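Below you'll find the structure, written out as structure tokens, and then a few comments.
Quick note: the coordinates plus some simple rules give every number you see, no bench work behind them. These numbers come from a predicted model, not from an experiment. Ideal geometry is used to build each Cβ from the backbone, glycine not excepted, and the neighbour counts take in all protein chains shown.
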């Protein structure tokens, strides 16, 4: 039930609509036109009668930070820890300074456009220009909070509907030649078995977290496959072995390289924990040292920083990301003609063939010989003069 009170002020009579969205709290909103106050009171009562929230009607709605924390608490059981960490990092570094103390129902589409423009001019922590993909990632975090607020009737309208959404950068995937892969492995041969790890990534297309989470049991020598079941990430909660990026990430990847299959077989025979199927496939390094130790946990982030990146710099591949070994596998598989785009999509663990096609369509080999011959024959036939007409009966 909504009630209207009248108060004399220097601006005239103020009409304040008061109502209780819950038994233990009330909301209010003021007007200086009685008819507007009455209409608003009727609107509040209709919403309450329909069982809807009236939070969007309050002058002082919830603050953005409060809603963001509520959204994270609600989504926490469904999201991976590294995703939660990414949201919290974006909120603390970029979003809260702009919107944290703002009433969420006062944020407009113009505010979001201005925020995206500000993010484009804000350099990264390393001083490099921010990419459009980075701007999109931060905007997605903001949009998720506003979508949550709209679904729970904390705002009457989602301003994201009217915002020009940033677009991810579209760059051709970088990949290595076989000679470059061999050069990188040769350099890492002094830190065995990390040279074999690079071969697995380059010729099987696994993500770094998937490579890092491999166990003895995941190498199926009988069928010549690598069974991807886990993904290792370093989060605010520590090192975790979770599920791959998506449902499609759980897959059996064919080992197409005979050398890789043979080297994996040799490596497994020599592995000190070969009798323990749950043991990590790769060794870690003794903390504080460069010594490889099979009793230490393999840490993907530490491997990238202290081993992979320096090796790339040493062999003239500065700036190479580990993920580009995955691109290398996709490129070689398509150029060799051994996998169709659909088969590659399954091997890569993409959710759909469309994702694979978008990234690697320019690599797919096309043979137009048959079509060219057919089209040329059609042109030749079309250019020939028509046969003379003959009169029937002549």
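Here are a few things to note about the model shown:
- Cα-based radius of gyration of the range 178-363 once divided by 2.2 N^0.38 Å, which approximates compact folds: 0.99
- Taking 371, 78, 102 as the candidate residues, the one with maximal mean-square fluctuation in a Gaussian network model of the chain, Cα springs under 10 Å, is 371.
- Estimated translational D of the range 64-162 in µm²/s (Stokes, Kirkwood radius over Cα pairs; 10 °C; 1.306 mPa s): 114 µm²/s
- Nearest-ten-degree value, helix 34-49 long axis tilted from longest Cα axis of the chain: 50 degrees
- Angle in degrees between helix 109-121 and the longest Cα principal axis of the chain, rounded to the nearest 10: 40 degrees
- The range 264-394 - Debye-derived log10 I(q)/I(0), Cα point model, q = 0.19, 0.21, 0.22 Å⁻¹: -1.18, -1.19, -1.20
- Value at 222 nm in deg cm²/dmol, rounded to 500, when DSSP H runs of n ≥ 4 in the chain each add -39,500 (n - 2.57): -13000 deg cm²/dmol
- Of 169, 126, 85, the residue with the greatest mean-square motion in the GNM of the chain, using alpha carbon springs below 10 Å, is 126.
- Percent of alpha-carbon pairs separated by more than 27 Å within the chain: 66 percent
- Principal axis box of the range 2-57, alpha-carbon based, largest edge first, Å: 37, 22, 16
- Fewest-first sequence of 345, 306 by Cβ atoms within 10 Å of each Cβ: 306, 345
- Put in line by how crowded their Cβ is, counting other Cβ atoms within 10 Å and starting with the fewest, 160, 296, 312 read 296, 160, 312.
- For the range 1-150, the ratio of Cα radius of gyration to the globular rule of thumb 2.2 N^0.38 Å stands at 1.33.
- Peptides 346-356, 244-254 ordered by packing proxy, namely the average of other Cβ atoms within 10 Å per residue, highest first: 346-356, 244-254.
- Semi-axis lengths, largest first, of the ellipsoid equivalent to the range 122-260 are 39, 21, 15 Å, with √(5λ) applied to each eigenvalue of the Cα gyration tensor.
- Relative to the longest principal axis of the Cα atoms of the chain, the long axis of helix 369-383 lies at roughly 90 degrees.
- Here the Debye sum runs over all C-alpha atoms of the range 113-177 as equal scatterers in vacuum, and log10 of I(q)/I(0) at q = 0.12, 0.18, 0.25 Å⁻¹ comes out as -0.41, -0.75, -1.07.
- Mean separation of Cα contacts under 8 Å (6+ apart) over length of the chain, as relative contact order %: 12 percent
- Among 18, 27, sorting on how many other beta-carbon atoms sit within 10 Å of each Cβ, with the fewest leading, yields 18, 27.
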